[in-house]
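The values are calculated or read from the model by the stated rules, or taken from the named source; none is laboratory data. Note that this is a predicted model, so its numbers are computed, not measured. Cβ placement follows ideal geometry from the backbone for every residue including glycine, while neighbour counts extend to all protein chains displayed.
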Amino acid sequence: MLKQRVLTALVLLPVALAGFFWLEGGAFALFIAFVVVLGAWEWARLAGINASEGRIAYAAMVALALLVLYLFPALGQIVLVAGVLWWGSATLLVLSYPDTARYWEGRTVRKIIGFLVLLPAWQGLVMLKHWPEANSLIVGVMVLVWAADIGAYFAGRRYGKRKLAPQVSPGKSWEGFYGGMLVSLFITLLVAIWRDWSFSVTLLALLGAALVVAISVVGDLTESMFKRQAGMKDSSNLLPGHGGVMDRIDSLTAAVPVYTMLLLVSGAGAL
């Protein structure tokens, strides 16, 4: 399993880095769309669509929606707002699972939720790519999420006692959550010092980073909740040793739209 994970990472990492940082405009949007459509194909199964034809049809619907968003960029902010509202709702659903599962376990509702998970993430990345310091902004959200994930893993293994969401993901602990949060905030503080931000800007950046990290955890837990309801361990086996695409991007699907919206509202992204 470890060998598979390492080999898969060695193949995918250069592709991902090249796609994120070398591609521009339509090529970048298409690259991210490819990942999102693969995620849609996996989400179809989480939505209760097991037939191959149905899963392909759902992925095609998501692809069509992405094309509409690309052709009509004025819809971008609406999609981001919808994403932020969804992740606020998802937080409540995760905290109250399984009591509130009856509200979203219908196939149609889960299909709609898939759009709310995937489209805002694509929109957020495409929007970030059009702003000054685009690549730095994209690196920023990824570092926040990955640092939190790594910090949570080690803190959870060393200190984890209190379960974060035992009904959803028994392996996660509050100690891991706090450890991941501290690592991400420390990195944010280092960036603030390096870039000589004022006290007020630094404070806002720390608050924003905390919110992004917290919602990234919700993204992870939300996919776990849907997999648990569907009786699945991984979203697919597309990535040997890593599970599926959704298993790799679940935290980012939540973090990206919230991160982008915070930058948009604050005006920081356009500076």
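Laid out as a table, the results:
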| quantity | calculated |
| --- | --- |
| Selection from segment 43-75 of residues that are in contact with a Phe, Trp or Tyr (Cβ under 6 Å, 6 or more places away or on another chain) and small (Gly, Ala, Ser) | 44, 59 |
| Subset of segment 57-83 [buried (at least 20 other Cβ atoms within 10 Å of the Cβ), more than 19 Å from residue 41 (Cβ to Cβ) and hydrophobic (A, V, I, L, M, F, W, C)] | 79, 80 |
| Any hit, segment 100-115, residues being under 20 Å from residue 30 (Cα atoms) and of a type outside the set (D, E, K, R) | yes |
| Check on residue 186, closer than 24 Å to residue 248 by Cβ, in a helix (DSSP H, G or I) and of a type outside the set (S, T, N, Q) | no |
| From 32, 49, residue being of a type outside the set (Asp, Glu) and not in a helix (DSSP H, G or I) | 49 |
| Qualifying residue in segment 215-230 (condition: in contact with a helix residue (DSSP H, G or I) (Cβ under 8 Å, 6 or more places away or on another chain), in a helix (DSSP H, G or I), buried (at least 16 other Cβ atoms within 10 Å of the Cβ) and among the basic types (Lys, Arg)) | yes |
| Complete set of residues in segment 129-182 that are touching a Phe, Trp or Tyr at 6+ places or on another chain (Cβ under 6 Å), of a type in the set (Lys, Arg) and more than 18 Å from residue 258 (Cα to Cα) | 162 |
| Residue within segment 113-120 that is touching a Pro at 6+ places or on another chain (Cβ under 6 Å), touching a residue at least 60 places away in the same chain (Cβ under 8 Å) and farther than 20 Å from residue 187 by Cβ present | yes |
| Failed criterion for residue 106 (all others in (1) in contact (Cβ under 8 Å) with a residue 40 or more places away in the chain; (2) surrounded by fewer than 14 Cβ atoms within 10 Å (Cβ to Cβ) hold) | (1) |
| Tally of residues being small (Gly, Ala, Ser), surrounded by 14 or more Cβ atoms within 10 Å (Cβ to Cβ) and more than 16 Å from the chain's Cα centre (by Cα) across segment 33-56 | 4 |
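Every residue, every condition in (1) surrounded by 13 or more Cβ atoms within 10 Å (Cβ to Cβ); (2) in contact with an Asp or Glu (Cβ under 6 Å, 6 or more places away or on another chain); (3) at pLDDT 95 or above; (4) of a type outside the set (Gly, Ala, Ser), yes or no:
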| residue | (1), (2), (3), (4) |
| --- | --- |
| 160 | yes, yes, no, no |
| 165 | yes, no, no, no |
| 172 | yes, no, no, yes |
| 176 | yes, no, yes, no |
| 184 | yes, no, yes, no |
| 193 | no, no, yes, yes |
| 205 | yes, no, yes, no |
| 208 | yes, no, yes, no |
| 212 | yes, no, yes, yes |
